[in-house]
Structures are given as structure tokens and as C-alpha cells.
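Colleague: This is the structure I want to talk about, given as C-alpha cells.
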């Protein structure tokens, strides 16, 4: 955190060096990115990510979309546009924030990412991988988490609505928002996340999107059957 001298921010432990929230999902035949945060370029370089088949967006807040301009490198390597999936509100945020990308008057060239936006209406296939959107509440905003096989990623949530609990049965691994110990209006606190994790009952749960308290960390790799 900018201007902070706490033990975590001064730590030399690599587990305490965390960038903005995003994950890379690799199945047998599909590479998926969940959110394009402002640290996308640094993360792609650090972890040698060379191909993306689709990007899944949880919502349109700055820390989840401001790396989108760097997607143009994947356009160049893959010689085509990238499929981007999100709910209607998120796609509107993307069109507004990156208006120059979608404005026909913008001069075309290698400086623009080529993006195809698809509104999520239910379960869908990204590449050859089936993706189940999981409705969540981020304060008063409806957003999406995602389930792929026995893995689910639920970031930036303060409540899991009744209709979403059945979508989370039989998980091997759950990644769940847990901002801090104190309550927060738009994120799970650690106690709330612990309660939700117990109710989901995944074999293993990782907490993410934290302030200064280290739990999950950059570069963590999880294998799920």
C-alpha cells in the first residue's frame, strides 16, 4: 500500500508482494484470464503467459479492467481478436472506459486491442471449456464469480445470494474474497469469508483480495482435477 510502513508492506517475503486481483485458468485445451487488472503486463511477463482464448470479467471496477490495453500483444501473437465475456453492466463499463477502442473514428493500427464483447446470459463455453457464472453481490452491485469444473473463483463479494449456493456444490478448490478482519460494506471480512467457505465445503479454500494480511499470493499455482 502506498505510504504504509506496516510489517507486511516492509516485508521481504515474496508472499507479501501481491499485485491487483486476477487469475489465469489453464485447462487441457483452453487458456482463460479472469479480469484484466492494471498489473496484467507484469504478471504475464513474470509467469510466461503467451496465449489467451478468452477473458472473463467479474465486474468493471478499475482494478479489474485497466490492463485491457495490454491485450493487444495477444492480438498480435494470435493474429485475431480476443473474446471478452461479462454481464451487461460490466460490458457497458468497458465500452465507456475504453471508448477509443470501440469508436469507429479512432485510427486503426497496432496500437488498439481487438476485442469482441459477449454478454453472459447463463452457462457458456469459452474455447472448449464450460464456464458457469456465479451471481454475487459486491455491496449493492450485482457481479459475477465463475466456476470451471471443480474450481470456483469468487472475488469482490459481500454476499452470495440464495440462487448461487447450489452452483457451488462439490468443489475441490474455492478462491474467495476476504478483504480484512474488520467488516467492510462491499467485501467479505475474514469471519464472513470463513463462514461462507464452511458452508460451501470445498476441499480447499484460498482467500484473496486482501489488504495487508498475507494469505494467497502472486504466483500461487493450484492443480484441480
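The values are calculated or read from the model by the stated rules, or taken from the named source; none is laboratory data. Worth saying up front: this structure is predicted, and the values here are computed from it rather than measured. Methodologically, a virtual Cβ is constructed for each residue, glycine included, from the backbone with ideal geometry; neighbour enumeration extends over all protein chains shown.
Colleague: From 98, 102, which residue is surrounded by fewer than 20 Cβ atoms within 10 Å (Cβ to Cβ), in contact with a strand residue (DSSP E or B) (Cβ under 9 Å, 6 or more places away or on another chain) and at pLDDT below 95?
Modeller: Within the list 98, 102, the selection yields 102.
Colleague: For residue 76, only one of the following conditions fails: (1) closer than 26 Å to residue 149 by Cα; (2) modelled with pLDDT under 95. What is its number?
Modeller: (1)
Colleague: Hey, another quick one. Quick one: how many residues across segment 85-113 are touching a residue at least 24 places away in the same chain (Cβ under 8 Å) and under 20 Å from the mean Cα position of the chain (by Cα)?
Modeller: Total satisfying the criteria: 13.
Colleague: Next up: Only residues that are surrounded by fewer than 17 Cβ atoms within 10 Å (Cβ to Cβ) and out of contact with any strand residue (DSSP E or B) (no Cβ under 6 Å at 6 or more places or on another chain): list them for segment 50-62, please. Before you say what the answer is, go through the steps one by one.
Modeller: First pass over segment 50-62, keeping only residues surrounded by fewer than 17 Cβ atoms within 10 Å (Cβ to Cβ): 50-51, 62.
Across segment 50-62, the qualifying residues are 50, 62.
Colleague: All but one of (1) part of a loop (DSSP other than H, G, I, E, B); (2) under 19 Å from the mean Cα position of the chain (by Cα) hold for residue 197; which doesn't?
Modeller: (1)
Colleague: I'm trying to understand the selection: among the residues of segment 26-41, which are in a strand (DSSP E or B) and without any contact (Cβ under 8 Å) to a residue 60 or more places away in the chain? Steps first, answer last, please.
Modeller: Looking only at segment 26-41, we keep the residues that are in a strand (DSSP E or B), and these are 26, 31-34.
Passing the criteria: 26, 33.
Colleague: Then there's this: Under the condition of being within 20 Å of residue 19 (Cα to Cα) and loosely packed, with under 15 Cβ neighbours inside 10 Å, which residue from segment 198-213 is modelled with the highest pLDDT?
Modeller: Result: 212.
Colleague: Mind checking whether some residue in segment 96-107 is assigned to a helix (DSSP H, G or I) and closer than 22 Å to residue 31 by Cβ?
Modeller: Checking segment 96-107: at least one residue is assigned to a helix (DSSP H, G or I) and closer than 22 Å to residue 31 by Cβ.
Colleague: Of the conditions (1) closer than 20 Å to residue 31 by Cβ; (2) at pLDDT 95 or above; (3) touching a helix residue (DSSP H, G or I) at 6+ places or on another chain (Cβ under 6 Å), residue 59 clears all except one; give me its number.
Modeller: Failing condition for residue 59: (1).
Colleague: Can you tell me which residues in segment 42-84 are touching a residue at least 60 places away in the same chain (Cβ under 8 Å), part of a loop (DSSP other than H, G, I, E, B) and closer than 24 Å to residue 143 by Cβ?
Modeller: Residues satisfying the conditions are 53, 57, 58, 59, 61.
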